[in-house]
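S.K.: Can you keep this structure in mind? I'll have questions shortly.
Where a number appears in this text, it was derived from the coordinates with a stated rule and is not lab data. Only a predicted model underlies this, so the values are computations on that prediction, with no experimental measurement involved. Every residue, glycine among them, receives a Cβ derived from its backbone with ideal geometry; neighbour counts consider all protein chains shown.
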Amino acid sequence: MTESHDFIKSYSPDIELIEQDPLAHLLRVLDLEYHGDVTGEDIYSGESMHQPSGRVYGGQVLAQAIMGMGRTVDPERNPHSLHAYFLRAGDIHQPIDFAVERLRDGRSFSARRAHAYQSGKAILSGIISFQEEQEGHELQAPMPDVEAPENLPSTDDTLGSIDHPVAAFWTRQSAFEIRHVDPALYLTPGPKHTTHQAVWMRARGKVNADQLTHRALLTYACDQIMLEPVLRGIGASWISPKLSVASLDHAMWWHRDVYVDEWFLFVQDSPSAQGGRGLGTARVYQGDGTLVATTAQEGMIRLPK
């Protein structure tokens, strides 16, 4: 669960290390420690990335759960479908334990369920289906024609000169470079109310890893922007007074191999916001136009009228 208010609460002793190589630090966080089979479940544990709020970033614990579940599956099977719920806010200063249940191993598919715990309480629950590579009919929605990332301002350009923990988190401490096709929402609302946006991302370095890791990293990255179409639609920015945002659930479908150290594009929309909740959707394309994933997330979004 992530929240966009009450930013400055705590600092991590690893901030300097993160700023030197945030991608390497993230990869270490995803490298979970295995504690064996305990009462029929595979148990893992991991640490957390620094967050200015002191709360665990939802994309991180989700990516860690993917890595834990993936370790119990035949390496030839990659995740293709994910459904997860964020249950409680996590504390970055406490380790996270992951209990993985092996639900089924069929001829082509495997299913795993995981719960993430802190102090004995569940903070995330999710299930993933894995599939070995198979041939089949090909169909994909085409990637829209948008401005190339090389021609767009980066988050570093927008926030790099601001001396604030949140600005540092989005720039020097971020493992991904982000470039919005439309003006970003960090400091001001969009110039018009619309539920659409397109955003380019790329890891800040080479990722020499398997598809499980690349797909987990994509999940980590997308949680940063999934609810931005809702903010655009209601005319808000990330620093709108009294704004409160928290991820509630996340669904994802990986269609093809993804490589997060190359530019990939989020094509986003929000079909609805109501009752203090908003839904964000995205199609994710590799830079060459290949549709690699589709994702959806509902979040709590509270903003006084």
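S.K.: Could you work out the pair-distance distribution P(r) of segment 118-214 from its alpha-carbon pairs, with 5 angstrom bin width and percents rounded to whole numbers?
M.R.: Going from the shortest bin to the longest, the percentages are 2, 9, 13, 14, 15, 17, 14, 10, 5, 2, 0.
S.K.: Based on the mean of other beta carbon atoms within 10 Å per residue, what is the order of 211-223, 236-248, 184-196, most packed first? Mind dumping the intermediate values first?
M.R.: On the way: 211-223: 23.3, 236-248: 17.5, 184-196: 15.7.
Descending packing order for the listed peptides: 211-223, 236-248, 184-196.
S.K.: What is the dipole size for segment 130-201, taken about its Cα centre, with +1 at each Lys and Arg Cβ and -1 at each Asp and Glu Cβ, in debye to the nearest 20? List each step's numbers first, then the result.
M.R.: Values: 3 positive and 12 negative charges, 107 e Å.
The calculation lands at about 520 debye.
S.K.: Next up: Just the number, please: Stokes-Einstein D of segment 42-180 in µm²/s, Kirkwood Rh from C-alpha pairs, 10 °C, 1.306 mPa s. Working shown, then result.
M.R.: Working: Rh = 17.6 Å.
Result for D is 90 µm²/s.
S.K.: Take every Cα-Cα distance within the chain, group them into 10 Å bins from 0 onward, and report for each bin the whole-number percent of pairs it holds.
M.R.: Cα pair-distance distribution for the chain, in percent: 6, 28, 38, 22, 5, 0.
S.K.: Whose amide H sits under 5 Å from the amide H of R277, counting only residues 5 or more places off or on another chain, with H placed in the peptide plane?
M.R.: Counting only residues 5 or more places away or on other chains, the set is I301.
S.K.: Please give the peptides 137-148, 88-99, 111-122, 152-163 ranked by average Cβ packing (other Cβ atoms within 10 Å per residue), highest first, as a rough proxy for protection. Before the final figure, lay out each step's value.
M.R.: On the way: 137-148: 10.7, 88-99: 18.9, 111-122: 17.4, 152-163: 14.5.
Output ranking for 137-148, 88-99, 111-122, 152-163: 88-99, 111-122, 152-163, 137-148.
S.K.: Kindly provide the pair-distance distribution of segment 177-305 built from C-alpha pairs, with 10 Å bins from 0 and whole-percent values in order of increasing distance.
M.R.: Cα pair-distance distribution for segment 177-305, in percent: 13, 45, 31, 11, 1.
S.K.: If you don't mind, there's one more thing I want to ask. Report, in deg cm²/dmol and to the nearest 500, the calculated mean residue ellipticity at 222 nm for the chain, where each DSSP H run with n ≥ 4 adds -39500 (n - 2.57) and the sum is divided by the residue count. Working shown, then result.
M.R.: Working: 7 runs with 58 residues, N = 305.
Helices in the chain give a 222 nm mean residue ellipticity of -5000 deg cm²/dmol.
S.K.: Which FRET efficiency value, to the nearest 0.05, is calculated for S119 and K305 with the Förster distance at 35 angstrom and r the Cβ-Cβ distance? Don't skip to the answer; put the middle values down first.
M.R.: Numbers: r = 37 Å, r/R0 = 1.05.
After rounding to 0.05, the efficiency reads 0.40.
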